[in-house]
Amino acid sequence: MMSLVGLSLRLRAAGCQGSTRTVATVVSGHKTARLVRQRLQVEVQEMRRVWSGFRPGLLVLQVGNRDDSNLYISSKLRAAAEIGIDAKHLRLPDSATQEQVLQSILSVNQDPSVHGLIVQLPLDSVNPMDPERITNTVSPEKDVDGLSCINAGKLSRGDLNDCFIPCTPNGCMELIRQTVVSVAGKHAVVIGRSKIVGAPMHDLLLWSDATVTTCHSKTPDLPEQVGRADILVVGAGRAEMVRGDWLKEGAVVIDCGINHIPDVTKVSGKRVVGDVHFASANQRAGFITPVPGGVGPMTVAMLMENTVQSARRFLLKSQAVEVNHAGFHRHGNRNGEVNRK
């Protein structure tokens with residue numbers, strides 16, 4: 001039986017709205033993130049039961065003491081604690097040199113109790129830092145942010161089962177799945193081409209069989225491009241840039257923007273909005289994510305997903321090594337001699 005949402009969208013597509021029309025279905029990031037955390041919690045409990053108290057390990061490396069970074073880190077540590085991940089926070093002073101940061105990363109790379117390592121950006125140091133070199137120093141097997149060139153390269157080639165996917169695009173895909181709208185065969189438009197959101201989002205949609213258009217600051221006909229999108233993902237960093245009348249009727253709209261605009265009704269004098277003008281887009285889209293409460297919670301949830309996935313891979317690798325080691329002693333050494341121990 002067709003759901004009411006599905007029927008509403010079918011009527012819209014057919015132009016049968018009559019004198020009344022429905023607003024978009026809001027896709028809650030808080031609700032979806034909670035479902036992801038609950039699933040991961042069960043998986044971690046099973047790991048601990050089967051592997052004698054084993055826990056996935058996550059380390060957050062911070063340079064300096066930025067207030068916004070502290071806020072983001074605290075939310076990650078809370079989510080990890082809820083799931084059962086052993087999360088640690090390593091804060092280096094703002095006087096740290098790049099070499100000290102690199103040495104810290106190399107040390108964590110060798111620590112078998114840490115399965116996920118993230119470097120909190122931006123790096124708040126009085127000394128020059130090369131973020132690209134620093135993130136690429138993180139072992140690809142522990143790069144749960146998915147920012148290293150190795151993981152990015154695997155994603156671009158479609159090797160999705162052999163890499164870590166950046167958390168925000170991964171969260172966007174999970175939100176799209178919640179709409180039950182099939183990505184395959186759809187025309188998807190991504191606004192923004194950053195290494196963290198836009199570029200990997202393009203790759204994920206492409207390898208999910210969408211036809212993908214990437215728009216950016218040099219795209220001359222942006223409203224026209226947006227109007228073709230069955231699925232629209234916006235990560236432009238411009239407050240309420242995308243207007244409702246740009247949208248294709250019934251489109252899925254995923255808003256990655258976090259912007260502050262003046263608002264005299266707020267104690268702080270400002271409020272948070274996305275890159276999409278929600279009030280007008282809500283009247284035309286089929287599904288839409290809110291800001292706040294949409295993509296943001298999913299970014300943290302998918303970081304936890306990647307950390308548990310990394311721990312799972314570690315256990316499978318350890319198990320394979322044990323099996324190979326046992327077979328080696330059972331059948332003989334490399335020279336073909338029988339091991340008599």
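The values are calculated or read from the model by the stated rules, or taken from the named source; none is laboratory data. Quick caveat: nothing in here was measured; it's all calculated off a predicted structure. A quick note on method: Cβ atoms are made from the backbone with ideal geometry, for glycine too, and the neighbour counts reach across all protein chains shown.
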(request) Among residues belonging to region 117-133 that are touching a Leu at 6+ places or on another chain (Cβ under 7 Å) and part of a loop (DSSP other than H, G, I, E, B), point out the one that is farthest from Thr299 (Cα to Cα). (result) Met129
(message) Residues to consider are Asp209, Asp203; find the one that is acidic (Asp, Glu), over 20 Å from Ser28 (Cβ atoms), at pLDDT 95 or above and not in a loop (DSSP other than H, G, I, E, B).
(response) Asp203
(message) The conditions are (1) over 23 Å from Asp159 (Cβ atoms); (2) outside any loop (DSSP other than H, G, I, E, B); (3) among the hydrophobic types (A, V, I, L, M, F, W, C), and Met298 fails exactly one of them. Which is it?
(response) (1)
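Just to verify a result, which residue in region 134-152, among those that are among the polar types (S, T, N, Q) and assigned to a loop (DSSP other than H, G, I, E, B), is farthest from His115 (Cα to Cα)? Working first, answer last.
Within region 134-152, the subset among the polar types (S, T, N, Q) is 135-137, 139, 148, 151.
Filter again for assigned to a loop (DSSP other than H, G, I, E, B), leaving 139, 148.
Values: Ser139: 10, Ser148: 15 Å.
This residue is Ser148.
Can you name the residue in region 50-108 that is among the basic types (Lys, Arg) and assigned to a strand (DSSP E or B) and, of all such residues, is farthest from Leu315 (Cα to Cα)?
If we filter region 50-108 for residues that are among the basic types (Lys, Arg), which is where we start, we get 55, 66, 76, 78, 88, 91.
If we keep only those that are assigned to a strand (DSSP E or B) as well, we get 88, 91.
On the way: Lys88: 20, Arg91: 28 Å.
Among them, the one singled out is Arg91.
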(message) Being within 22 Å of Thr179 (Cβ to Cβ), in contact with an Asp or Glu (Cβ under 8 Å, 6 or more places away or on another chain) and at pLDDT 95 or above narrows it down to one residue among Gly257, Gly244, Gly227; which is it?
(response) Gly257
(request) Taking the options Lys195, Lys270, name whichever one is exposed (fewer than 15 other Cβ atoms within 10 Å of the Cβ) and closer than 20 Å to Ile165 by Cβ. (result) Lys195
(request) Return the total of residues in region 153-192 being part of a strand (DSSP E or B) and either surrounded by 23 or more Cβ atoms within 10 Å (Cβ to Cβ) or touching a helix residue (DSSP H, G or I) at 6+ places or on another chain (Cβ under 6 Å) (or both). (result) 4
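Would you check which residues across region 268-284 are out of contact with any helix residue (DSSP H, G or I) (no Cβ under 8 Å at 6 or more places or on another chain), under 30 Å from Arg228 (Cβ atoms) and assigned to a loop (DSSP other than H, G, I, E, B) and list them?
Narrowing region 268-284 to residues out of contact with any helix residue (DSSP H, G or I) (no Cβ under 8 Å at 6 or more places or on another chain): 268-276, 278.
Filter once more, so that each one left must be under 30 Å from Arg228 (Cβ atoms): 272-276, 278.
Answer for region 268-284, where residues must be out of contact with any helix residue (DSSP H, G or I) (no Cβ under 8 Å at 6 or more places or on another chain), under 30 Å from Arg228 (Cβ atoms) and assigned to a loop (DSSP other than H, G, I, E, B): Gly274, Asp275.
Quick check on my filter: what residues within region 110-126 are buried (at least 16 other Cβ atoms within 10 Å of the Cβ) and either within 17 Å of the chain's Cα centre (by Cα) or within 19 Å of Ser148 (Cβ to Cβ) (or both)?
Step one: filter region 110-126 for residues buried (at least 16 other Cβ atoms within 10 Å of the Cβ), giving 114-121, 123-125.
Result: Val114, His115, Gly116, Leu117, Ile118, Val119, Gln120, Leu121, Leu123.
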(request) Please work out if Thr265 is crowded, with 22+ Cβ neighbours inside 10 Å and either in a loop (DSSP other than H, G, I, E, B) or among the hydroxyl-bearing types (Ser, Thr, Tyr) (or both). (result) no
(message) Need pairs with beta-carbon distance below 9 Å; first residue without any contact (Cβ under 8 Å) to a residue 60 or more places away in the chain and within region 288-301, second assigned to a loop (DSSP other than H, G, I, E, B) and not acidic (Asp, Glu); sequence gap 6+ or separate chains.
(response) Val291/Cys256; Val291/Gly257; Val291/Ile258; Val291/Gly274; Pro292/Ile258; Pro292/Gly274
(request) Scan region 241-286 residue by residue and report those that are farther than 21 Å from Arg193 by Cβ and β-branched (Val, Ile, Thr). (result) Ile261, Val264, Thr265, Val267, Val272, Val273
(request) Give the residue, chosen from Gln45, Gln103, that is of a type in the set (S, T, N, Q) and closer than 24 Å to Pro297 by Cβ. (result) Gln45
